[in-house]
Structures are given as structure tokens and as C-alpha cells.
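Notes follow the structure.
The values are calculated or read from the model by the stated rules, or taken from the named source; none is laboratory data. All values derive from a computational prediction rather than experimental measurement. Please note: Cβ atoms are built from the backbone with ideal geometry, for glycine as well, and neighbour counts cover all protein chains shown.
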Amino acid sequence: MITYISLLRGINVSGKRRITMEELVHIYQALNFTNVETYLQSGNVVFESTEQDKDKLTHTIEAEIENYFGSPINVFVRNIGDFARIVAGNPFTSAKHLEPVKIHVTFLYNTPPGNVLAELKNPNEDGDEFFVVGRKIYIYCPNGYGRTKLSNNFLEGRFDMPATTRNWKTVKALYEIAKMKDLKINQPKV
């Protein structure tokens, strides 16, 4: 069994694309995933599967959600090792003066091409900072995420691909939930 974390893009925002967490758990269990647990109401799911191919999991979940709800929703699947690297690799957490509440992580659907990365410039001068690492972008917004121009929509437009953003508290909480599940499934049998 492998512990995974999936993030759904754009559900339960402003009353649109409503999916209850109970429905989400039902969908994941119907796909034979085990120990399914949601976090908050925004489509964060921690689950276990024997499938090792994250892309296959992504497409399977997306197809089942579209079949169930009748509209496509992008799903971003990462395993516990990916989340461990995300948490450990955050360039903003080592700076003592930065407020964790102002740190976010944007998850990209694919790895962006190098030419797009080279051309990506900060759209404002308000002190916002970002680092692109593979399929994720670490963002620090000193004036709050609601005021940044480094929004999810801006980044989707620049990279021409779906993206979803979570605050640092949510990223860490999902990792902690996944670690607890992973400890349980990897405990030696007595």
C-alpha cells in the first residue's frame, strides 16, 4: 500500500461545483482505495492504494468524478514521499521573520517547460516572492494571498495548465495525516 494525497481544483468555491466530502469518500472507496480521509471542504483527500503510477491514479479519479458529477475536475495526486519533499524543501520556512500564514504552495498539473520558467517574472512589486521547483511553486505573500497577483488563475495562464493552491497550514496538515496513515500500514506485523 502507498499513501497518497490528492487535491481537487476549484470545488466548493463561492457555492460552485459543490461536492460533499461524504460523496468524495464514496467515490474514492468505489475505486477500491482504502483508509480514505478528507481534510476541510476543499477537496483534499488522503488515501491508500496499491497502484504505483500517480498519473494513472490521477486519470482514474478524474474519470470517476466526471462520471459521478457530470463535469470534469482536475485532480493533483502526490504520494507521501512527494509531500515530505514539499515540506522539507520549502525555501520560506527557514526564514524566521516570515509568517507561515502568508506561505502557499501551488501544485501544477505537469512540469512546466524551461522556456516558460525563464520568462516568468513577478507581476508586482509588493514583496511577493516565489520559487518554482518541479511541479510546485512556493509563494510568499507578505500582504496576504487575497492581494497577490501570483494567484492560481495568473499561474494557470502563465503555465497554460491547471493548478491548485493550498496554504502552508493545509499542506503541513495533509502531510501529518498521510504520515500517520503511512506509519499504520508500514508497522511490522506481530
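With the requirement that a residue be part of a strand (DSSP E or B) and either more than 11 Å from the chain's Cα centre (by Cα) or crowded, with 20+ Cβ neighbours inside 10 Å (or both), what does region 69-87 give you?
Val75, Phe76, Val77, Arg78
Of all residues in region 11-34, which are surrounded by fewer than 16 Cβ atoms within 10 Å (Cβ to Cβ), of a type outside the set (A, V, I, L, M) and not in a helix (DSSP H, G or I)?
Of everything in region 11-34, those that are surrounded by fewer than 16 Cβ atoms within 10 Å (Cβ to Cβ), of a type outside the set (A, V, I, L, M) and not in a helix (DSSP H, G or I) turn out to be Ser14, Gly15, Lys16, Arg17, Arg18, Thr20, Asn32, Thr34.
Just one of the numbered conditions (1) closer than 22 Å to His59 by Cα; (2) at pLDDT below 90; (3) not in a loop (DSSP other than H, G, I, E, B) is not true of Val132; which one?
Here Val132 clears every test but (1).
Assess whether Asn44 counts as being touching a residue at least 12 places away in the same chain (Cβ under 8 Å) and assigned by TED's automatic domain parsing to the domain that holds His26. Spell out the reasoning first.
Details: touching a residue at least 12 places away in the same chain (Cβ under 8 Å): yes; assigned by TED's automatic domain parsing to the domain that holds His26: yes.
Here the answer is yes, as Asn44 does meet what is asked.
If I filter region 40-68 down to residues being at pLDDT 95 or above and part of a strand (DSSP E or B), which single residue comes out as surrounded by the fewest Cβ atoms within 10 Å (Cβ to Cβ)?
In this case the residue turns out to be Glu48.
Taking the options Ile139, Ile177, name whichever one is of a type in the set (A, V, I, L, M), within 23 Å of Gly43 (Cα to Cα), in the same structural domain as Thr50 (by TED's automatic domain parsing) and touching a strand residue (DSSP E or B) at 6+ places or on another chain (Cβ under 6 Å). Can you show your working first?
Values: Ile139 fails: in the same structural domain as Thr50 (by TED's automatic domain parsing).
Unique residue meeting the criteria: Ile177.
With the requirement that a residue be more than 20 Å from Thr34 (Cβ to Cβ), touching a residue at least 12 places away in the same chain (Cβ under 8 Å) and not hydrophobic (A, V, I, L, M, F, W, C), what does region 63-79 give you?
Selection gives Ser71, Asn74.
Considering only region 89-104, state which residues are modelled with pLDDT under 95 and either closer than 29 Å to Thr34 by Cα or out of contact with any strand residue (DSSP E or B) (no Cβ under 8 Å at 6 or more places or on another chain) (or both).
Answer for region 89-104, where residues must be modelled with pLDDT under 95 and either closer than 29 Å to Thr34 by Cα or out of contact with any strand residue (DSSP E or B) (no Cβ under 8 Å at 6 or more places or on another chain) (or both): Gly89, Ser94, Ala95, Lys96, His97, Glu99, Pro100.
Across region 143-174, which residue is surrounded by the fewest Cβ atoms within 10 Å (Cβ to Cβ) among those that are farther than 15 Å from Ile103 by Cβ and of a type in the set (Lys, Arg)?
Lys149
Scan region 142-174 for residues that are part of a helix (DSSP H, G or I), closer than 16 Å to Asn44 by Cα and polar (S, T, N, Q) and jot them down. Write out each step before concluding.
Filtering region 142-174 down to residues part of a helix (DSSP H, G or I) leaves 145-147, 152-159, 168-174.
Adding the requirement that they be closer than 16 Å to Asn44 by Cα leaves 168-174.
Answer for region 142-174, where residues must be part of a helix (DSSP H, G or I), closer than 16 Å to Asn44 by Cα and polar (S, T, N, Q): just Thr170.
Could we say that Ala95 is surrounded by fewer than 17 Cβ atoms within 10 Å (Cβ to Cβ), of a type outside the set (D, E, K, R) and in a helix (DSSP H, G or I) here? Before you say what the answer is, go through the steps one by one.
Values: surrounded by fewer than 17 Cβ atoms within 10 Å (Cβ to Cβ): yes; of a type outside the set (D, E, K, R): yes; in a helix (DSSP H, G or I): no.
It is false that Ala95 is surrounded by fewer than 17 Cβ atoms within 10 Å (Cβ to Cβ), of a type outside the set (D, E, K, R) and in a helix (DSSP H, G or I).
Could you figure out which of (1) at pLDDT below 95; (2) surrounded by 21 or more Cβ atoms within 10 Å (Cβ to Cβ) isn't true of Met1?
In the conditions (1) at pLDDT below 95; (2) surrounded by 21 or more Cβ atoms within 10 Å (Cβ to Cβ), Met1 misses (2) alone.
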